[in-house]
Structures are given as C-alpha cells and as structure tokens.
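The numbers here are math on the coordinates, done by the rules we state, and not lab data. Nothing here was measured: the structure is a model prediction, and the numbers come from that model. Here Cβ is always computed from backbone atoms with ideal geometry, including for glycine, and neighbour counts include all displayed protein chains.
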Amino acid sequence: MKDWFQKEIDESGSNDWMLAFGKKCPGCGKIVDKSFGCNHMNPPYHPDNNCCKYEWCWLCGGKWSEHGGKTGGWYACNIHEK
C-alpha cells in the first residue's frame, strides 16, 4: 500500500502510462493520449501543456485536413494501412 500511495502522490504511474500508450503530436511533439472516439486528434490548448492545437490523424500522424471519406472517414485510415 505504501508504494501505491507514493505513486498516487508523484503521479509516476500516469507518466508511465502516457509514455506507453500516448503518441507525440506531429505539430509540437507533446505527448497526447486518446481514450475514446474517432481518429481526429484536436488537442485542446491548455496553459500547462502548451499544445499547439495541430489537427492530425491518430493512426498515420498526417494532417487531418487531408483526411475524409476517401481515406476511411473518422474511424479508419487507409493511409495507415498502406
């Protein structure tokens, strides 16, 4: 229990999770996570993380403006599959 409480205090578990399951934003390099929803990544600006608000595809990392019905829509990416 002592180790568990220490992780809760220093948030090392959160950092480990982000490194394992997050991806770097192609625009600014900040690590972001995707917990649900479509592949359109539009990280909200937050003063603590200074994310650049770059819109990108979670699967291929490409600009979201280059995605749409021809690339698989919101929940698929045929660019990633290639």
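Descriptive notes on the structure:
- Charge tally around MET41: other residues with Cβ under 12 Å, Lys/Arg +1 each, Asp/Glu -1 each, net +4.
- Fully extending the segment from ASP16 to CYS28, taken as 0.36 nm per residue of separation minus the present Cα-Cα distance, adds 2.3 nm.
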